[in-house]
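For reference, the structure discussed in these notes is given below.
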Amino acid sequence: MALLTCDFFSDALAFGTSMTVVLPQPTEEQIGVSGTGFTDPPRVLYLLHGLSDDHTAWLRYTSIERYATALGFAVVMPAVDRSFYANEKHGHRYWDYVSDELPQVVRRFLRVSDDPADTFVAGLSMGGYGALKHAVTHPERYAGVASLSGVADIRQLGERLDRAEIVERVFGGELGPEDDLFELLGAVDPATAPRFYIGCGTEEDRLMGANERLVAAARERGLDVTTDFRPGVHEWGLWDAQIQDVLTWMAESSRR
């Protein structure tokens with residue numbers, strides 16, 4: 001694999017930003033790394049970080065580079081600060097950046113597939129919310145979405161999660177239906193929706209109940225949902241294990 005740190009200017013954010021990218025590289029002599037040969041542009045996973053992290057977190061705390069190598073995925077990891085992947089009321093346009101500008105930048109700079117059948121989005125915690133929101137807002141863009149310990153019920157931010165400052169700074173003090181995953185699910189057509197993978201640790205994670213409710217709502221809507229509720233807490237040991245299964249699930253979801 002090739003590992004890139006790409007620094008570039010974002011028009012949506014109006015400042016320079018960074019993304020970390022893992023790219024498949026077919027090799028014959030590298031020892032200790034399994035990979036797949038390929039000739040077509042690789043399928044791509046947009047992998048989103050959590051509230052206390054940045055674009056380097058997945059690379060630092062998991063073996064995402066090695067896992068993606070084995071399955072031939074390009075992995076794009078952007079930085080979004082503590083924005084909840086939203087256009088902040090008192091900040092920057094991170095929704096526009098990740099939703100619209102980032103895919104254009106990736107296609108301009110990198111040789112990756114732009115086929116929705118080869119395109120996936122995933123994230124943990126805040127990034128799980130961001131991944132799900134992107135998938136239900138633009139279902140035509142993705143073959144699959146995965147949320148690990150995601151903030152499934154955004155209304156918990158100012159209630160159970162003690163994040164009132166985020167509700168004020170990011171959402172202007174009031175959460176609307178356009179921010180609520182349960183509301184957004186109601187507009188998704190099951191016939192054209194991506195497949196869903198929803199995971200969470202079952203040991204003292206305050207987000208577990210909301211994820212169970214989201215799974216029930218998605219299945220009631222007729223969506224294809226795979227669940228991964230296993231022993232674990234809100235930490236990287238769990239997510240490192242789960243992302244391996246997510247990548248395998250995404251590879252099987254792709255039509256290749």
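The values are calculated or read from the model by the stated rules, or taken from the named source; none is laboratory data. All figures in this text were calculated on a predicted structure; none of them were measured in a lab. Neighbour counts run over all protein chains shown; Cβ positions are idealised from the backbone, glycine included.
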Inset, instruction - Considering each residue of segment 88-98, count those that are buried (at least 17 other Cβ atoms within 10 Å of the Cβ) and either of a type outside the set (Ser, Thr, Tyr) or within 16 Å of Gly50 (Cα to Cα) (or both), and give that number. - result: 6
Inset, instruction - List every residue pair whose Cβ atoms sit under 9 Å apart, with the two residues 6 or more apart in sequence or on different chains, where the first one lies in segment 7-19 and is touching a residue at least 24 places away in the same chain (Cβ under 8 Å) and the second, anywhere, is assigned to a strand (DSSP E or B) and of a type in the set (A, V, I, L, M). - result: Phe8/Met19; Met19/Leu4; Met19/Val76; Met19/Met77
Inset, instruction - Please indicate, with yes or no, whether at least one residue in segment 195-218 is β-branched (Val, Ile, Thr), without any contact (Cβ under 8 Å) to a residue 40 or more places away in the chain and surrounded by fewer than 17 Cβ atoms within 10 Å (Cβ to Cβ). - result: yes
Inset, instruction - Kindly provide the set of residues from segment 63-112 that are within 15 Å of the chain's Cα centre (by Cα), of a type outside the set (Asp, Glu) and part of a loop (DSSP other than H, G, I, E, B), ordered by number. - result: Ala79, Val80, Arg82, Ser83, Phe84, Tyr85, Ala86
Inset, instruction - Return the only residue of Leu110, Leu48, Leu59, Leu71 being crowded, with 21+ Cβ neighbours inside 10 Å and touching a residue at least 12 places away in the same chain (Cβ under 8 Å). - result: Leu48
Legend entry - From Leu148, Leu175, Leu214, Leu185, residue being among the hydrophobic types (A, V, I, L, M, F, W, C) and under 15 Å from Ala122 (Cα atoms): Leu148
Legend entry - Options Thr248, Thr192: the member that is hydroxyl-bearing (Ser, Thr, Tyr), under 26 Å from Ala57 (Cα atoms) and surrounded by fewer than 17 Cβ atoms within 10 Å (Cβ to Cβ): Thr248
Inset, instruction - Could you name every one of the strands (runs of 3 or more DSSP E) located completely within segment 113-224 that has at least 3 residues being in contact with a Leu (Cβ under 9 Å, 6 or more places away or on another chain) and more than 22 Å from Arg82 (Cβ to Cβ)? - result: 195-201
Legend entry - Candidate set from segment 164-189 (those that are touching a residue at least 40 places away in the same chain (Cβ under 8 Å) and under 12 Å from Ala152 (Cα atoms)); member that is surrounded by the most Cβ atoms within 10 Å (Cβ to Cβ): Leu181
Legend entry - Condition met for Arg82 (at pLDDT below 95 and among the basic types (Lys, Arg)): no
Inset, instruction - Could you identify the single residue in Ala117, Ala122 that is under 16 Å from Arg195 (Cβ atoms), hydrophobic (A, V, I, L, M, F, W, C) and surrounded by 22 or more Cβ atoms within 10 Å (Cβ to Cβ)? - result: Ala122
